[in-house]
Structure formats: C-alpha cells, structure tokens
Amino acid sequence: MDEIALPEVPHRRRRFFDRIGRSRRWPAILLFTTAIFVLAGAAVVTVVTKQVRRPIRREEIVAAQTFVRRQFPPSAVLHFAGEEETTVERVSDVEYTVRAWVDVVEGGAGMRNVFVCTVRKQSEGMWVLRRVNVIPAM
C-alpha cells in the first residue's frame, strides 16, 4: 500500500482577537458597549414604569373638592390646585385620600389653605366624606 502524506495546513491565527488584545482602545470599546447596555436597560425600565403608572383619579378629586367647598361660606371664592399638584392615595378598594391646596378669597382678602380629605365611594357617583382637614398655609 502506498502512503500519502497530506500537506500540512498552516494554523490560522486569530488575528481579530490578537489585535484587540494588543490595542489600547479596548477599554474604550468595553466602556462604550457597557454604556449601550445601560441605556437600553434604562429605556426598558422607563417604558415599563410609564405603563404601570396610574392615571390621575379625576372623580376622587372632584368629590374631595366638593366636601372642602362645604367647609367655607357660600360667599367665598375658591381656587383649587390643578391635577398635577394634587395627590390621590388609595387607602382601600373604595377609599381615597386627596391632598392639595386651595386659595380662598373672601371679602377681598385671599389665603392659601392645604387640605387633606378622605372620601369613600359608596356606589357609582355617590361619595361619602370620611374626614377633612383644612389647614392655613403659612
């Protein structure tokens, strides 16, 4: 039998990884790659947070403002805080605490008050006052 010697195939070097290892740019490349992953993670967290965020509860705010309005004489003019400055905290499934400010103008003199009002939803459109505190702001 005849023996045939196959020619030796030279081993291919891993030039790409060799260049990265010797390069002085690899810390910058690593930092850039890490920054990309951190920004992508922050974007995902932001999107998920915005989806979970509860919308402002308009119905609870209106109910609380109605009960606060009853604390002042009918001749007083009341200016309530906007929805972006009003906080609504869910106490239970049907009970909410609303915190905001109200400007009361009576007899030409105005005064800012802070109120905390807890309301309970009895049925559709029916609200019951649990407690209300109106405190003059200093």
- For residue 124 and residue 25, what is the calculated FRET efficiency with R₀ set at 41 Å and r taken between the beta-carbons, to the nearest 0.05? 0.05
- Item | Compactness index (Cα Rg / 2.2 N^0.38 Å), the range 63-138 | 1.12
- Note on the structure: Rounded to one decimal in nm, the spacing of the 7 Å Cα→Cβ label points at residue 35 and residue 89 is 4.1
- Query: What's the FRET efficiency of residue 105 with residue 46 using the Cβ-Cβ distance as r and R₀ = 41 Å, to the nearest 0.05?
  - Reply: 0.50
- Query: If 39, 78 are ordered by their accessible area, calculated over protein heavy atoms with a 1.4 Å probe, which sequence runs from highest to lowest?
  - Reply: 39, 78
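The values are calculated or read from the model by the stated rules, or taken from the named source; none is laboratory data. If you're wondering where the values come from, they're calculated on a predicted model, not measured in any experiment. Positions of Cβ are generated from backbone atoms using ideal geometry, with glycine treated the same way; all protein chains shown enter the neighbour counts. The accessibility values were calculated without ligands, DNA or RNA, using every heavy atom of the protein model including side chains. Shrake-Rupley method; radii C 1.70, N 1.55, O 1.52, S 1.80 Å.
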